[in-house]
Amino acid sequence: MVKVQIYSQWCEDVFVPARVKQFSKAARLMGCTGFQDYAEQHDLKDAEVLDERELVGRWLDKNAGEAAAKAEGVA
C-alpha cells in the first residue's frame, strides 16, 4: 500500500491509502501487461529496475506535481 496525499475541500492535507494492485489492474485494462509496462510506455525513468510499489509512488509524485501546476490560477 502507498499513502497518497490529497488536498481536501477544507484546505487541509489528507493521506489516504492507495492499493498498488488497483494501479496494476487499471494498467491491464488499458492494454498493458502490468503497471511496469505502463510506466515504461509513459517515460517513467528506471521503470525496468524498480518494483511495482516504487513505480506507483514515483508515478503519483510525478502526476501530482503536474496536476498542481495545472490547478494554479484556477479560482
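None of the figures in this text is laboratory data; all of them are computed from the coordinates on show. Everything numeric here is computed off the predicted structure, so don't read it as measured data. So basically every Cβ, Gly included, is an ideal-geometry build from the backbone, and we count neighbours across all protein chains shown.
For the reader, a short list of remarks on this structure follows.
- For Ala18, residues with placed amide H under 5 Å, excluding near neighbours: Val2, Lys3, Val4
- Segment Arg58-Ala26, extension gain: residue separation times 0.36 nm, minus the distance between their alpha carbons: 9.9 nm
- Ranking of Val49, Val56, Val20 by count of other Cβ atoms within 10 Å, fewest first: Val49, Val20, Val56
- Computed with the Debye formula from one identical point scatterer per Cα of the stretch 20-71, without solvent, the log10 of I(q)/I(0) at q = 0.15, 0.24 Å⁻¹ comes to -0.38, -0.88.
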